[in-house]
Amino acid sequence: MKFGGSSVADAACMRQVSGLVRDALPNSPLVVLSAMGKTTNGLFTAATAAERGDLPAALGQLKELIQDHRRSAEDLFDDAVPDDLDQGLTDAFGQIELLLRGVALLRELSPRSQDAIASFGEHLSTRIFAAFLQSQGMDATWVDARRVMRTDGTFGGGQPDIEAIRGLAKAIIAPLLGPGRAVVTQGYIGATEDGLTTTLGRGGSDYSAALFAAALQASEVQIWTDVEGVLTADPRIVPGALPIPCLSFSEAAELAAFGAKVLHPATIQPAVEARIPVTVRHTQKPRGRFTTITGEVRTGRSVTALASRGPITVLTVSSSRMLAQSGFLARLFEVFGRLNISVDLVATAEISVSLTVEADVPLKLLIKELSSFATIQVAEERAIVAVVGERLKYTAGLGSRLFGALADINIEMISMGANEINLSIVIKREHEHEALRRLHTALIESNDGGGAA
Ligand code: ADP
Ligand code: ASP
Ligand code: MG
């Protein structure tokens, strides 16, 4: 059971979550928590203030986090915070302060220091929550995820060592689980073999949950959040988005990769490999609607959902001499591989190739490398809008409805995913939200058996 930041934002939320854990006790839940509310953002803000050398701002930000956590703990325990929890919180705040002072002294924030600081969000939320479950008479053990979630040393985006995690989870977590017993641990964070703290990247708690589940051969991964499952579009952009009862693993993976924040893009992979169903549920409406993601492909709807991601950058690489020659694409992609830049969409024409990359890639360096054998055009402030559905490829007339809905919006690039369940377009970022709303009306709300079917 993974609970996101909004699900554990304050004492009232934690009480709600403790009820859900109590109900799940017969099934030996492993409870994976995010940091409370926006704590991770707060820690990042404090760390960057320290890096600027602005220690007062960094400590001011820390003070707010301390107050929030203390207030939640006092609320939760009716002003009688157990001594060991109180001491644990004091120690953790002291360590964060030390780290911030160190960063401010050096004016240097390495990804490694950033991970060390960010990891405290999950440390604090899980310590408070585990103590609360225990105070409620539940058999719950707190396990430091860093003993189990082994990653490589890529700070800010640690790559999990699946074999090691399996062994450690079996040795450390499994013996603490059993009917009537729960384990509470941190999402998002891990450690290298040498014990250095790492993180799995922003939003990584979903990924943690799936990795733990695969390692322990769990019967289900439950992602508890603030929406009734995966919806047909981001409800903050498309207010009429509809819940989706069932999704295939591939549909969920495409949606996550193209921007549906409700799932971390890497979440699905461990679950797919271990054939574990993933459900996405609303913490405040546990008996409401939810989404089940499994390997089964349900037919019946042509377009399942929409997702979008921006800003992204489009590069158009042209070479009249070389494109038709063999080996051009190999040479092109070698550059991206060497600079460790991942490419999302690709479309080729006779003398040019267009591709999309994240907005924050080292563009100057990339252009310098590519310019030695091609001409490069750059278009920034673009967005990808993805239309996802297992039956896309069988749906006649989809293209005309898509183009019709976006008649006055210039579509700069089109790409049909190789698995044929994802049709993506690139447009100017300023049109992203409008395009999503129009496509939702035209492709999902229209009565073709769309979305919620
Ligand atoms: P958590 O803190 O629980 O991990 P997130 O904020 O990471 O929650 O993800 C949940 C949010 O994802 C929702 O509040 C919603 O705004 C957003 N979201 C984006 N796309 C979708 C979608 N297709 N379905 C549901 N939610 C979505
Ligand atoms: N707390 C981390 C973040 O905000 C991880 C997560 O919530 O999934 O990115
Ligand atoms: Mg999330």
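No lab work stands behind these numbers, since they all come straight from the coordinates. Keep in mind that this is a model prediction, so the values were computed, not measured. So basically every Cβ, Gly included, is an ideal-geometry build from the backbone, and we count neighbours across all protein chains shown.
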Report, by chain and number, residues whose modeled amide H sits under 5 Å from the one on residue 225, excluding near sequence neighbours (fewer than 5 apart, same chain).
281, 282, 283
Under the rule of -39500 (n - 2.57) per DSSP H run of 4 or more residues, summed and divided by the residues of the chain, what mean residue ellipticity at 222 nm is obtained, to the nearest 500 deg cm²/dmol?
-11500 deg cm²/dmol
Just tell me the longest site-free run in the chain, where the sites are trypsin sites (Lys or Arg not before Pro) in a DSSP loop having at most 12 other beta-carbon atoms within 10 Å.
322-453
Work out the length of the dipole vector of region 14-146 about its Cα centre, built from +1 on the beta-carbon of each Lys and Arg and -1 on the beta-carbon of each Asp and Glu, and round it to the nearest 20 debye.
420 debye
For the chain, the charge dipole (Cβ of Lys, Arg +1; Cβ of Asp, Glu -1; about the Cα centre) points to a positive end, and the Cα of 1, 304, 242 closest to that extreme belongs to 304
What distance in nm separates the simple spin-label points at residue 163 and residue 441, each placed 7 Å from Cα in the Cβ direction?
5.6 nm
Which of 59, 140, 93, positive extreme of dipole for region 58-141 (C-beta unit charges):
59
Where a ≥ b ≥ c are root eigenvalues of the Cα gyration tensor, a/c under 1.5 meaning rounded, otherwise prolate if a/b exceeds b/c and oblate otherwise, region 43-176 counts as oblate
Check: in the chain the Lys pairs 8 or more apart or on separate chains whose Cα atoms fall under 21 Å apart number 8
Simple label model, 7 Å out from Cα along Cβ direction - residue 428 to residue 16, nm:
4.0 nm
Roughly how tilted is helix 11-24, in degrees to the nearest 10 and between 0 and 90, from the longest Cα axis of the chain?
90 degrees
Cα-centre dipole for region 51-97 with unit charges at Cβ (Lys and Arg positive, Asp and Glu negative), debye to 20
280 debye
Relative contact order in percent for region 69-133 (Cα pairs under 8 Å, 6+ apart) equals 45 percent
Among 379, 280, 72, which residue has its Cα positioned farthest towards the positive end of the charge dipole of the chain, with +1 placed on the Cβ of Lys and Arg, -1 on the Cβ of Asp and Glu, and the dipole taken about the Cα centre?
379
Let me test this: with uniform point scatterers at the alpha carbons of the chain, what is the Debye-based log₁₀ I(q)/I(0) at q = 0.11 1/Å?
-0.96
What translational D, rounded to a whole number of µm²/s, comes out for region 323-388 from Stokes-Einstein when the hydrodynamic radius is the Kirkwood one over Cα pairs, at 10 °C and 1.306 mPa s?
123 µm²/s
Please give, to one decimal in nm, the separation of the simple spin-label points placed at residue 172 and residue 343, each 7 Å out from Cα toward the Cβ.
4.0 nm
Projected onto their principal axes, the Cα atoms of region 175-303 stretch, largest extent first, over whole-Å spans of 48, 32, 29
Sequence gap at least 6, Cα distance under 8 Å: using those rules, report the relative contact order of the chain to the nearest whole percent.
13 percent
Relative to a virtual label point 7 Å from the Cα of residue 325 in the Cα→beta-carbon direction, which members of region 369-383 show backbone nitrogen distances below 14 Å?
372-375
Of all DSSP beta bridges in the chain, antiparallel share, percent nearest 5:
65 percent
